[in-house]
Amino acid sequence: MKRWIFAFSLVFITIGFTSCLKDEDVDNTEYLYEMAFVTRTGFSPSFTTDEGKILNCQMDLSSDTLFKLGDRVFLTYSWGDTLNHVAKSYPINLKSYNNVVLKNPFTLQPDSIDLFYNQPIINLDRYGISGNYLNIIFYTYYSALPPNSCELVRYKSQESVTPGDTMDIYFELKHNTPSVFADRFTFRILSYNLNSLVSEFPHVKLFKLNVEWTESKDGKKSLDSDFFPLRSTL
């Protein structure tokens, strides 16, 4: 958990309110981290998580233009007074947030050529599935030339042509740029929408995802995860 906090300490966008902590005080608050969409703007915004929880900011922020309706954000927050909250709606104390890049995976057909660049990333910091989204948080070197995107490429040539209740899906995360500055880096938070995959295979109950990527020091790496789709989000 300490590594998680350290990794984000330089890139969080700080919310404009005054802390009551003195310099010598230690913040022992237990913070939570969550992906969500902005569902209400203004001085007291609200957010809806991928699992349907509604998070209501209970303090007034310094500006009513920090958030745009429908934006995807990564939140750091603590619980507010939840004693009398309504079902699935919770007051929160918002500490900070990051804007999230929302993308669709790219599907490479078996007879197609992979034209994406694949510059090694520095490291993958956090990976997880929430709702029908695959969330990846990582560091890349700074792009020297366009294009500069991060693509999640799905290789259909490795998939079964007759899937059952369970299906294996093979992805590769690629930093799609021809050249980088090796002495400069940038921090990225991306959510890949898996709804197209769910629609393509309506009878699959479990997708077994294999995600590969290449790091500059350690070479090729991979993670396996189980994805149980939420059909109601389609």
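The values are calculated or read from the model by the stated rules, or taken from the named source; none is laboratory data. Since the model is a prediction, treat every value here as computed from it, not as a measurement. All Cβ positions, glycine included, derive from the backbone under ideal geometry; neighbour counts span all protein chains shown.
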Residue set E212, E200; condition among the acidic types (D, E) and in contact (Cβ under 8 Å) with a residue 24 or more places away in the chain; output residue E212
When you look at I92, is it within 13 Å of H175 (Cα to Cα) and in a strand (DSSP E or B), yes or no? no
Taking the range 52-85 and keeping only residues that are touching a Lys or Arg at 6+ places or on another chain (Cβ under 9 Å) and within 20 Å of L134 (Cβ to Cβ), one is left with G52, K53, L75
How do the strands (runs of 3 or more DSSP E) wholly within the range 148-234 filter down when requiring 3 or more residues that are outside the structural domain of R72 (by TED's automatic domain parsing), surrounded by 14 or more Cβ atoms within 10 Å (Cβ to Cβ) and of a type outside the set (A, V, I, L, M): which remain? 149-155, 166-176, 180-193, 206-215
Cβ-Cβ under 7 Å pairs, at least 6 apart or on other chains, the range 76-87 side in a loop (DSSP other than H, G, I, E, B), far side among the aliphatic types (A, V, I, L, M) and surrounded by 14 or more Cβ atoms within 10 Å (Cβ to Cβ): G80/I92
Restricting attention to the range 17-30, does a residue exist that is modelled with pLDDT under 95 and surrounded by 17 or more Cβ atoms within 10 Å (Cβ to Cβ)? no
When only residues in the range 60-98 that are surrounded by fewer than 14 Cβ atoms within 10 Å (Cβ to Cβ) and among the aliphatic types (A, V, I, L, M) count, which is farthest from the chain's Cα centre (by Cα)? L83
